[in-house]
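All of the numbers you see were taken from the coordinates with simple rules; none came from a lab. Just so it is clear, the structure is predicted and the values come from calculations on it, not from any experiment.
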Amino acid sequence: MKHSVNRPPTPDAAEDQGKEPTLQEIINIKLIESGEKERLMELLRERLIDCGWKDEMKALCRAHVKKKGRNNVTVDDLVHLITPKGRASVPDSVKAELLQRIRTFLMSAAL
Amino acid sequence: MSGPNEDNNTQLSSHIFGDLLDSIIVDVASECHRIAKLGLDRNLEEEEEEMRLSAQARARVADPSNSSETNTKYVVDIFGQTHPSVATEIFECMNCGRSIAAGRFAPHLEKCMGKGRKARLKVTRSSTAAQNRYSRGSPVSTYSPYSNSTSTNRLSNGTPSVAGEEYSNGTYEEPWNKT
């Protein structure tokens with residue numbers, strides 16, 4: 001008999017049955033499927049451009065590139081550079097608006 | 001609204017907001033990275049180039065071996081061009097109509113328009129009365145024919161020798177000057 005007959009069952013089937021999707025994942029899926037995630041992203045993008053946040057981040061990047069030389073910079077560098085400052089400098093009004101919309105969605109998604 | 005659900009909601013919302021923000025941050029970083037790599041940021045390019053060139057120029061100036069070797073006759077300018085010491089473009093003199101080289105234009109105008117003795121004689125040739133005036137310092141009554149034929153020349157001639165002579169004459173009348 002061939003060895004292949006006795007091989008163990010392929011893993012993915014077992015894995016799928018073993019795990020429950022987390023609340024996080026369920027919500028994420030609902031967000032994406034309803035198109036709300038896309039809308040929220042666009043809204044946030046627009047607000048951040050309007051308040052100059054994006055320009056600030058781009059200026060940071062440009063300064064970094066100038067310092068390091070443009071051939072020595074990776075996307076990772078820039079992400080790590082911007083993330084802390086970016087998160088801290090979102091205007092409160094923008095954050096509040098987005099949070100409100102997300103909460104509304106969560107409630108309407110009946111959770 | 002009831003307690004635990006509310007807290008959960010708030011936490012979830014914050015988490016979702018954080019996710020959205022992270023995605024946008026990655027987008028911005030990626031965009032800046034692209035601009036940097038493709039050299040689309042003109043300012044960056046120009047600054048790098050300027051710095052390189054200024055360092056180069058500084059090195060050249062500081063280099064002592066350079067100054068003695070420079071041929072002063074054929075100095076090269078910043079565009080790499082050499083110029084002859086006398087300008088060679090040819091213009092037409094607006095006074096006499098001759099073709100004059102640019103580098104010889106000023107001396108030519110001097111002679112042609114009246115700094116020199118010969119030029120003034122040339123100009124006043126048409127009226128002997130004015131010629132008399134020149135040689136004798138005669139009164140201003142002889143001035144009017146003089147001004148008619150040569151007023152434009154007179155106006156544009158800024159050399160002090162001519163003007164001084166005229167103005168020093170106390171009875172100098174200037175009807176033509178007001179036009």
> Which value in deg cm²/dmol, rounded to the nearest 500, describes the helix-derived mean residue ellipticity at 222 nm for chain A, given -39,500 (n - 2.57) per DSSP H run of n ≥ 4 and division by the residue count?
Replying inline: -23500 deg cm²/dmol
> Tell me, what ³J(HN,Hα) does each residue in segment A:28-40 have, in order and in whole Hz, if you take phi through Karplus 6.51 cos²θ - 1.76 cosθ + 1.60 with θ = phi - 60° and put x for Gly and Pro?
Replying inline: 4, 4, 4, 4, 5, 5, 7, x, 5, 4, 4, 5, 5
